[in-house]
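Heads up, the thing below is written out as structure tokens.
The values are calculated or read from the model by the stated rules, or taken from the named source; none is laboratory data. This is a predicted model, so every value here is computed, not measured. Glycine also receives a Cβ, built like all others from the backbone with ideal geometry; neighbour counts cover every protein chain displayed. Just the protein is used for accessible areas: all its heavy atoms, side chains included, with ligands, DNA and RNA removed. Shrake-Rupley method; radii C 1.70, N 1.55, O 1.52, S 1.80 Å.
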Amino acid sequence: MRRAMRRGLALASMVVVVGLAVPAYAAPAQHFVEDVTGDTFECESTTYAVTSGSVKTIIHEGASSTGNLNFTGTVTPQRVVAEDTAGNEVDVRGAFWFGGTFNVQRETEQFWSTGKLQLVDETGTVDSVNVTFFIQVVDGEVTNIKDFDFGTCAEPQ
């Protein structure tokens, strides 16, 4: 899933740069589906291996008449099933969202990302990914950064 999110961020960055030459506000959203079988979740008490499923990535970008740019993306699991080391299956539900803005007049950038995934069995949520990130750049200097992780699992590699 992280692979899909990195791909989405790279695509969004390319789209924003290309958007300088093409009217981005007229571009449709981009849709991608990627198999995530084999990805793993490293959690506090166990490791889960994804045995089936995919993630769907949707990216949209835009530009204002003054040249400011923005992008947003969402990565959602599609029938993702994982198995812990004892052979217990869980469904993976939730989403990753990311977005950014670029103000060309003020030379500022902001980027946000949030990942909320629940690993669910027949009893309810057994583990989770719960991450939030924000960064702000002004004149090429990082002026604000926040990074929170409240889950029991790391983001999938």
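Some observations on this one:
- Using the Cβ-Cβ distance between TRP112 and THR40 with R0 set to 25 Å, the FRET efficiency from 1/(1 + (r/R0)^6) comes to roughly 0.45.
- Here segment 58-157 is treated with +1 on each Lys and Arg Cβ and -1 on each Asp and Glu Cβ, and its dipole about the Cα centre works out to around 400 debye.
- Taking the inverse of the mean reciprocal distance over all distinct Cα pairs, the Kirkwood hydrodynamic radius of segment 53-157 comes to 15.7 Å.
- Cβ-Cβ FRET estimate between THR51 and ASN144, R0 fixed at 30 Å, reported to 0.05: 0.15
- Total charge dipole magnitude, segment 109-157, about the Cα centre, Cβ charges on Lys, Arg, Asp, Glu only, Debye to nearest 20: 100 debye
- Accessible-area composition of segment 96-139, carbon plus sulfur, in percent [1.4 Å probe]: 53 percent
- Packing around the peptides 145-151, 49-55, taken as the average count of other Cβ atoms within 10 Å per residue, puts them in this order, highest first: 49-55, 145-151.
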